[in-house]
Amino acid sequence: MTDKSASRAPAKDLAPAPAPAVAASPGRSGEGTAWLLITPGVIWMTLFLVAPILMIVYVSFWTQTTFAINPTPTLDSWRDFFTSSTYLNSLWTTVRIWLIVLAATLLVGYPAALFIGIFVRSRNLSIALLIICVIPFWTSFLIRVLAWRPMLGREGAINILLQKFGITSAPIDVLLFSQLSVIIGMTQIYVVFMVGPIAFMLSRIDRNVLEAARDLGAGFGRIFTRIILPLSLPGVVVGSIFVSVMVLGEFATSAALSGRQVNLLGNIIVTQVGSLKWAFASVVGVVLTVIIGIVIAMLLRVVDLKREL
Amino acid sequence: MESRILKPILGVYLALFILFLYGPFIVLGILSFQAGPDGGPQFPIIEWSTYWYRHLFGMTEVTRVAPLHLREALFRSLTLAFMTMVTATVLGVISAQAFRRRFRGSGVVFYLIVLGMMVPGVLTGLGISLLSSELGISRSWWGTAFVAHVVYTFPFAFLVMLAIFNRFDPSVEEASWSLGVSPIRTFRKVTLPIVFPGVLSSMLFAFTLSYDEFPRTLFASGSDLTLPRTIYATFAVEIHPNIFAFGVLTTLFSFALLTVFGILLYLSTRRAKKIARQEDI
Amino acid sequence: MSDASPVLRLEGVVKRYGDVPALDGVSLAVQGNEYVSLLGPSGSGKTTLLRVIAGFEVPDAGRVHFNGHDVTGQPPHERGIGFVFQNFALFPNMSVLQNVTYGLINADKGAVSPAEAERRALAMLEMVGLSGLEGRSTDQISGGQKQRVALARTLVKGPKLVLLDEPLGALDANLRARMRNELRSIRQELGVTFLHVTGSETEALAMGDRVAVLDRGRVLQIGAPDTVYHAPETPNVARFLNRYNLFAGTIPAQGQFAGPFGTVSTPPARPADEALYGIRFDRMIVEPENPAAPAPALHATFRASEYLGSSVVSFFEGEDGRIVETEHHMSMGAPPEFLTGQRYTLRWDPDHAIVFGQSAAG
């Protein structure tokens, strides 16, 4: 231990670590006080988050009758899920839409983050640009979804513009109420969550390193693949976790923009609950939970976040 | 130098990107001024009018376009957002305060809290409605939906406060104790004023996230509609520009909130800026 | 040292962080109206000691008695012990005046009315020389002024004991010298006991009525500054004073020491684990090189010197490569001129030496 740290650090840095809980240090919140303070939060999350999720797992094994469920254990709902092509299709659709939207947010968002994080020299300007990108996050999610309808429809803004500039002769139907519209909508809504973390990681790169690499004759491609990309990877992972969690749990965008063409697992849950098929909805819920768990675990494999952040 | 070419290209790209983010809004805003009651939710604009705004407030004659029942929904949404804001911020502050000292199980507790923002709303909502019906508790926006909203927003408040406390110098608290002031009063008189910008940010997060929250509310709020559920109800039917007008108003409301927040934050950090200026001189 | 019973009494205080003992059985008594400086290198546990006395940390063993009561388990706000932090720890959300009235108005016990608090605070601010700055915010004043606010805020409560944790550490050299005098005079005026922790031997010797030397969580020596200065009791005290050239060697017989300067007769050795010969910088005599000089004589090369205002310290490199320092006080006349790289012979009166260790014989 260096001299400096030994005299001051015990008080500030070392103290919280293994200090034996001798009658919780008065004044300074000791371990007892800490537990007292954390208890309301822990109780809240246990009762209203953990218990409900366990309830979903439990109910997925209940018996479903036409309008009710009863706790007689059965695997019927699970069998129904894995034997119905509708539901397996929906599972596949969910995974497919997730992968496409994830790729789209990355492709669309990365260059924007690159410009904000690396190419803008003024720190104030780059913060301002980031704020401009984040502001829509604070407006109504459903309105943002809905706003795509007059954009993409047969008589929507995009079709009008395309025809006006003579790019197309007839309106394109496939823009709205299709898988494409769902993808466009989700990309626009969730791309912010990709741009933010990536821009943050990029802005932490020391500009001098980039200058030095350039002075040594490295082209941008080489600087990008050797320095920028690896250093931004934690941002990509964080952004991917945000986007994945949100897209996998989605149902509103597809409800609003797909015209019932795209049925995600979330949509199945909503319709099943609507027709009081609680046990079945629970099966879908458990499947969704498992998928999300796997996706997050995989993403965390890519980068050790604790070390990088 | 390649970046001389790349930089303008990326600059143009960012402009297009921002257009992509805001474009639908702009179109929605334009179409909200469509003529009524016969103008549809698409171009061209037949005639500029504020008909759909008046329609929202029930100031037009009854037509085939059913009015949105916004007043009760707005009341519920604002009340719910307020309740959520207070509860989530209090929980966030005291939990982050607990995390200033490491305690046994702190790792597990951290993940337990953060889980609240990671679990999709559709799952939280489904789980809470299952649990409440099992326990015989009827669902309501002020009960089941409220607890679901706090589950969602509390982690945001917690993380904000955690970041704030990381930069907090604990010696001012010790100084206060050594002056004979009890820890509780110290927290109120010294700690809280210093971390207030963080509290403000937590409140903003909790309020806006709750105000816009939809999937949890859909499952957990019972029969009474909140604003987002009113909007969602229009998804299934033919839409009219009144919903666009409403979109413009609620967006303006969000911006107003952001502005108020910005002003409050500016006022509470002006002192900090003064420090920087003083030290420059 | 007027009061008979000590204001503060520590009995075998132990504090560990994990397996690392920060305080390893500290016992100490501090009288009323006394200025005690606590000298220790970084890592000696001196800050931890202050924090235990203040109540910010609870000791693993031992007792803390303050004002005749055992306060070991008492929370800090019930103790009535003042604390001045190195970084001042002013309340950034309050003005200068509010910082000083805060403790009077918000105290759990003995709170006073705001008007009375303001009256006392203004008087205290005048005493520390801050009149006119009451309305300033804490970021609109200089470091020295912050120091005074921190002091006023603590003293206005009328504590019997004030703990100062390297209070001058954050100030520049000029200010430090001025604040030293002021701290002393303010303390004398109020008759309060100061326990002042510092890593600077000059500060410790200059300010304390008594100096306690702390090392690795133990008190090595406590006494009047001149006693500690002239007669360090252990090798480490001599080291921390930073005024002694210390030579390792052997003690062939009682009253003798064999070192790099030859074998000389010495005053009686103080018991210690290592055999060490110490001679103060200002006792050194520099002579032109003389290979035939009788012991004690050290042949060394002049490297550099440093003017400290009232004295000049010169650095010589011995034959074993170790640096030996000499100090010449200006009051003794103009300093001699040495040539860099030139060899000299360093000598001293062997009666001035301090010897630690046990004779090899037993």
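The values are calculated or read from the model by the stated rules, or taken from the named source; none is laboratory data. Small disclaimer: the values here were computed from a predicted structure and weren't measured. Positions of Cβ are generated from backbone atoms using ideal geometry, with glycine treated the same way; all protein chains shown enter the neighbour counts. Only protein heavy atoms, including side chains, enter the accessible area calculation; ligands, DNA and RNA are left aside. Shrake-Rupley method; radii C 1.70, N 1.55, O 1.52, S 1.80 Å.
Lys and Arg at +1, Asp and Glu at -1: add these up for the other residues within a Cβ distance under 13 Å of C:Arg210 and post the number.
-3
Quick check: with the 1.4 Å probe, what order do B:Ile128, C:Ile105, B:Ile26 take by accessible area, largest first?
Most to least solvent-accessible, the answer reads B:Ile26, C:Ile105, B:Ile128.
Hey, rough spin-label estimate for B:Phe196 and C:Met332, points 7 angstrom out along Cα→Cβ, what's it come to in nanometres?
6.2
Between region A:156-190 and region C:1-63, how many Å separate their Cα centres?
76
Hey, got the dipole for region C:76-165? About the Cα centre, +1 on K and R Cβ, -1 on D and E Cβ, debye to the nearest 20?
160
Which cross-chain or sequence-distant (5 or more) residues have an amide H under 5 Å from the amide H of C:Ala224, H modelled 1.01 Å from N in plane?
Amide H neighbours of C:Ala224, under 5 Å, 5+ apart: C:Val211.
Which cross-chain or sequence-distant (5 or more) residues have an amide H under 5 Å from the amide H of C:Thr72, H modelled 1.01 Å from N in plane?
C:Val64
For a 18 Å ceiling on Cα separation, which of these pairs sit above it: C:Lys109/C:Lys146; C:Lys109/C:Lys160; C:Lys15/C:Lys157; C:Lys15/C:Lys109? Show your work: numbers first, answer last.
Values: C:Lys109/C:Lys146 26 Å; C:Lys109/C:Lys160 16 Å; C:Lys15/C:Lys157 29 Å; C:Lys15/C:Lys109 29 Å.
Flagged as over cut-off: C:Lys109/C:Lys146; C:Lys15/C:Lys157; C:Lys15/C:Lys109.
Give me the one-decimal nm value for the distance between modelled label points at C:Val14 and C:Glu182, 7 Å along each residue's Cα-to-Cβ direction.
Label-label distance for C:Val14 and C:Glu182, simple model: 4.3 nm.
With the dipole of chain B worked out from charges on the C-beta (+1 for Lys and Arg, -1 for Asp and Glu) around the Cα centre, which of B:Tyr211, B:Leu179, B:Tyr51 lies farthest toward the positive end?
Of B:Tyr211, B:Leu179, B:Tyr51, it is B:Leu179.
Of A:Leu288, A:Val59, A:Thr225, whose Cα points farthest to the positive end of the dipole of chain A (charges on the beta-carbon: +1 Lys, Arg; -1 Asp, Glu; origin at the Cα centre)?
A:Thr225
In units of 2.2 N^0.38 Å, what is the alpha-carbon radius of gyration of the protein assembly as shown?
Details: Rg = 37.0 Å, N = 952, 2.2 N^0.38 = 29.8 Å.
Relative to the 2.2 N^0.38 Å estimate, the protein assembly as shown comes out at 1.24.
Sum up the charges of everything whose Cβ sits under 10 Å from the Cβ of C:Gly144, counting Lys and Arg as +1 and Asp and Glu as -1, but leave C:Gly144 out. Each step should come with its number before you reach the end.
Values: positive: C:Lys146, C:Arg148, C:Arg176, C:Arg178; negative: C:Asp172, C:Glu182.
Every neighbour counted, the sum reads +2.
Could you please report the charge total around C:His230, scoring K, R as +1 and D, E as -1 over all other residues with beta-carbon less than 12 angstrom from its beta-carbon?
Counting the neighbours of C:His230, the net charge comes to 0.
For chain B, what does the relative contact order come out to in percent, with C-alpha contacts under 8 Å and a separation of six or more?
Worked out over chain B, it gives 28 percent.
Please get the size of the charge dipole for the protein assembly as shown, origin at its Cα centre, with Cβ charges of +1 on Lys and Arg and -1 on Asp and Glu, quoted in debye to the nearest 20.
That gives a dipole near 2000 debye.
In a Gaussian network model over chain B where Cα atoms closer than 10 Å are linked, find which of B:Leu209, B:Leu131, B:Leu68 has the largest mean-square fluctuation.
Most flexible of the set in this elastic network: B:Leu131.
Over chain A, what relative contact order in percent results from Cα pairs under 8 Å that are six or more residues apart?
Once divided by the residue count of chain A, the mean separation gives 24 percent.
About the Cα centre of region A:76-304, how large is the charge dipole given +1 on each Lys and Arg Cβ and -1 on each Asp and Glu Cβ? Please answer in debye to the nearest 20.
340
Please list 3J(HN,Hα) in residue order for region A:111-122, calculated via the Karplus relation 6.51 cos²θ - 1.76 cosθ + 1.60 where θ = phi - 60°; whole Hz, with x for glycine and proline.
x, 5, 5, 4, 5, 5, x, 10, 8, 7, 7, 6
Could you check how much of the accessible area of region B:2-56 is carbon and sulfur, as a whole percent, using a 1.4 Å probe?
Exposed carbon and sulfur together represent 72 percent of the surface.
Taking θ = phi - 60°, what integer Hz values does the Karplus form 6.51 cos²θ - 1.76 cosθ + 1.60 yield along region A:222-234, in sequence order, with x for Gly and Pro?
Once θ is set to phi - 60°, the couplings for region A:222-234 become 5, 4, 5, 6, 8, 10, 5, 4, x, 6, 8, 4, x Hz.
Calculate one ³J(HN,Hα) per residue across region A:75-82 by plugging θ = phi - 60° into the Karplus curve 6.51 cos²θ - 1.76 cosθ + 1.60, and present them in order as whole Hz with x for glycine and proline.
Values per residue, Gly and Pro as x: 9, 3, 5, 5, 5, 4, 4, 7 Hz.
Which FRET efficiency value, to the nearest 0.05, is calculated for B:Ala233 and B:Arg54 with the Förster distance at 22 angstrom and r the Cβ-Cβ distance?
It comes out at approximately 0.55.
Quick one: if you stick a label point 7 Å off each Cα along the C-beta vector at C:Glu126 and C:His352, how many nm between them?
My value for the distance between the label points is 5.0 nm.
With n ≥ 4 as the cut-off for DSSP H runs, can you work out [θ] at 222 nm for chain A, using -39500 (n - 2.57) per run divided by the number of residues, rounded to the nearest 500?
That comes out to -20000 deg cm²/dmol.
Which residues make up the longest stretch of chain B that has no trypsin sites (Lys or Arg not before Pro) in a DSSP loop with at most 10 other Cβ atoms within 10 Å? Before the final figure, lay out the partial values.
Values: sites that count: B:Arg64, B:Arg167.
Formally, the longest exposed-site-free interval is B:168-281.
Within region B:172-189, which residues have the backbone N less than 15 Å from the label spot 7 Å out from C:Ala111 along Cα→beta-carbon, could you tell me?
B:177, B:179-189, by backbone N distance to the label point.
In Å², and per residue, what accessible area does region C:1-123 have when probed at 1.4 Å with the other protein chains present?
35
What is the calculated FRET efficiency for B:Asn166 to C:Ala292, with r their C-beta to C-beta distance and R₀ = 56 Å, to the nearest 0.05?
Working: r = 68 Å, r/R0 = 1.21.
With R0 = 56 Å, the Cβ-Cβ based efficiency is 0.25.
Quick check: with the 1.4 Å probe, what order do B:Lys7, C:Lys160 take by accessible area, largest first? Let's see the in-between values first.
Numbers: B:Lys7 75, C:Lys160 100 Å².
Largest accessible area first, the residues go C:Lys160, B:Lys7.
Which of C:Ala238, C:Ala111, C:Ala206 moves the most in a Gaussian network model of chain C with Cα springs under 10 Å?
Its mean-square fluctuation being the largest, the pick is C:Ala111.
Give the long-range amide H neighbours of C:Leu8: residues separated by 5 or more places, or on another chain, with amide H under 5 Å away, using H modelled in the peptide plane at 1.01 Å from N.
C:Val30, C:Asn67
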